[in-house]
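These notes are about the structure you will find just below.
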Amino acid sequence: MTAPRFKRILLKLSGEVLMGEGGLSIDPAVTGRVAGEIADAKAMGYELCIVVGGGNIFRGLAAAAKGFERATADYMGMLATVMNALAVQNALEQIGIETRVQSAIPMASVCEPFIRRRADRHLEKGRVVIFAAGVGSPFFTTDSGAALRAAEMKCDALFKGTSVDGVYDADPKTVPGAKRYETVTYDTVLAANLKVMDASAVALCRDNNIPIVVFNIRERGNLVRVLAGEATATTVQA
Ligand code: UDP
């Protein structure tokens, strides 16, 4: 058997991945399915860090466009990510996976604060650690939070679960014939403004040499397949 490519990985789940068909912002059936995928990845022997977004509930930038003060709206967005983190934790614990939530905004009655060494210990003990509230500051996104935590936690790769199966040279949902990259460099992503993650997140991954694997998380079983190198995906690398 070939040795696994990575030991510790970070999985970024955007908020919309948790949404249900009927417009439910957090659908227990969906969080249950995602938890099952995470459990399968864990069973393969990976140490798993998760960063959740909040876009299914609240996005600061969109709210600011409608008149909210940007910083306040961003704090509301960060609180939304904590709700999502608790939902994913709940789904994981329902299937027997020990999980800790750590928030970049301390919230002592709800979850742990982000403490890198403590998170490290949780991972060593086989727990899944979910990082909430992004980087803890407005004017950032959870993509940047994911890149930052991946660097701090020394993750071997950042897996970005989306609703498409990789990075394309144009939007595959609107441009017929758009071409998917098998691999693409950080610099191409930044120069061509390809929709992978926001630029600060991509730059942070580039500077720390963390590959970003973009894959479709909506397809059942895909996380395990992509970890095994068997699913269609795009790797962003140097
Ligand atoms: N946010 C923030 N700082 C961070 C992370 C998130 O201000 O470090 C806010 C921002 O308003 C953002 C919202 O939280 O719109 C939800 O996060 P994001 O849009 O990244 O979620 P996703 O698109 O992944 O669901």
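Just so it is clear, none of the values below were taken in a lab; they were calculated from the coordinates. Here the structure is a predicted model, which is why all the values come from computation and not from measurement. Counting neighbours? That spans all protein chains shown, and the Cβs are built from the backbone with ideal geometry, glycine included.
Express the relative contact order of the chain as a whole percentage, based on alpha carbon pairs under 8 Å and six or more residues apart in sequence.
Working: 491 pairs, mean separation 49.7, N = 238.
Once normalised by length, the contact order is 21 percent.
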### Query
If you take the charge dipole of segment 8-237 about its Cα centre, with +1 on Lys and Arg Cβ and -1 on Asp and Glu Cβ, which of 94, 229, 17 is farthest toward its positive end?
94
### Query
Cα-based Rg of segment 191-238 per 2.2 N^0.38 Å, rounded to two decimals?
1.25
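With each run of n ≥ 4 DSSP H residues scored as -39500 (n - 2.57), what mean residue ellipticity at 222 nm is computed for the chain after dividing by its residue count and rounding to the nearest 500 deg cm²/dmol?
For the chain, the value works out to -11000 deg cm²/dmol.
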## Note on the structure
The exposure ranking of 98, 37, fewest beta-carbon neighbours within 10 Å first, is 98, 37
### Message
Given a 10 angstrom Cα cut-off, can you work out which residue in 140, 159, 131 is the most mobile in a GNM of the chain?
### Response
140
### Message
Can you give me the long-range amide H partners of residue 160? Hydrogens built in the peptide plane at 1.01 Å from N, cutoff under 5 Å, separation of 5 or more residues or another chain.
### Response
12, 213, 214, 215
### Query
Between their Cα atoms, which of 7/66; 7/173; 66/179; 125/160; 12/125; 125/173 are more than 32 Å away from each other?
7/66; 7/173; 66/179; 125/173
### Query
Quick one: Cα centre-to-centre distance for segment 176-238 and segment 65-97, in angstrom?
24
### Task
Quick one, can you get me the convex hull of the C-alpha atoms of segment 110-238 expressed as volume per residue in Å³?
135
### Query
Taking the inverse of the average 1/r across all pairs of different Cα atoms in the chain, what Kirkwood radius in Å do you get?
17.8
